Each structure stands twice: as structure tokens, then as C-alpha cells.
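Reviewing the structure listed below.
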């Protein structure tokens with residue numbers, strides 16, 4: 001796994017969580033590059049939509065979330081991207097993929113993001 005730190009799969013393999021270190025040290029720059037990446041790929045598909053692009057309060061670091069849907073409304077898959085900027089470290093990228101209807105998976109990912117701590 002040279003491109004990410006950890007990869008977790010839910011029991012049914014419908015929920016997927018990837019933790020990676022980004023090259024950016026600035027949250028605004030990481031957000032800008034993440035949005036550009038999705039606009040050139042996933043967001044070009046029919047029915048794909050950026051559902052949320054906002055700060056994520058309650059985390060141990062400055063955080064931002066992007067929530068994207070692929071597939072038809074209410075029955076597609078969600079890609080939740082959470083960027084965490086810990087002081088003096090590269091930005092951490094948490095990517096979760098799960099069915100749009102799986103609210104417990106979304107809440108679990110947000111709980112994981114809010115509990116993450118990082119130190120040198």
C-alpha cells in the first residue's frame with residue numbers, strides 16, 4: 001500500500017475507508033486539488049453531484065469535507081472526502097465510500113474523523 005496508510009472494509013464490503021497522507025501542507029491547497037481531481041473524473045459522470053463542500057467542525061485538527069454522489073439520487077454511492085490539517089504535518093486524506101442510503105456508515109466515518117489525532 002505505498003499510496004495510502006490504511007484501508008478498512010466493512011463486514012459486507014459495501015463500506016470502504018482509506019486513510020492517506022497528501023503532499024500538501026495547507027488545507028486550502030489540498031481542498032482545491034481534491035475538487036479539481038473530482039471535477040476531472042467522478043463529477044463528469046451522469047447524475048454525479050457535489051453534495052457538500054464545507055468545513056467540518058468537531059475534529060482534532062482543522063478539517064474540511066467534500067461529499068460526492070455517483071449514480072442516481074438516493075440510490076447511488078457516496079464518496080466522502082475529509083481533509084485534516086494537523087499543525088506542521090502534511091494534510092491527512094480520509095476517503096470513505098458507501099451506499100448513499102447507509103447513514104450509519106456516514107455517521108461512523110464522521111466519528112472516526114473527529115477522533116483522529118496525529119503527532120510527529
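Which of the following values of Kirkwood radius over Cα pairs in Å was calculated from the structure shown: (1) 14.6; (2) 17.6; (3) 15.2?
Entry (1).
Can you show me the helix-derived [θ] at 222 nm for the chain, built from DSSP H runs with n ≥ 4 at -39,500 (n - 2.57) apiece and divided by the number of residues, rounded to the nearest 500.
Mean residue ellipticity at 222 nm (helix-derived): -7000 deg cm²/dmol.
Sorted from fewest to most neighbouring beta carbons within 10 Å, what does the list 118, 59 look like?
With the sparsest Cβ surroundings first, the list reads 118, 59.
Remind me, relative contact order of the range 42-120 in percent, using alpha carbon pairs under 8 angstrom and six or more residues apart?
Computed value for the range 42-120: 24 percent relative contact order.
So if R0 is 25 Å, what FRET efficiency would residue 23 and residue 55 give, r being the distance between their Cβ atoms, rounded to the nearest 0.05?
0.70
With everything on Cα atoms, drop me the angle between helix 103-115 and the longest principal axis of the chain, reported from 0 to 90° to the nearest 10.
With both axes taken from Cα atoms, the answer is about 10 degrees.
To the nearest 10 degrees, how steeply does helix 27-39 sit against the main Cα axis of the chain, on a 0 to 90 scale?
30
Among 26, 70, which comes first, second and so on when ranked by fewest other beta-carbon atoms within 10 Å?
26, 70
Cut-off is 10 Å between beta-carbons; in what order do 25, 44 appear when sorted fewest neighbours first?
44, 25
Bear in mind that the values in this text are calculations on the coordinates, not laboratory data. The shown structure was predicted, so the numbers you read here are calculated from the model rather than taken from an experiment. No Cβ is skipped: glycine too gets one built from the backbone with ideal geometry, and neighbour counts run over all protein chains shown.
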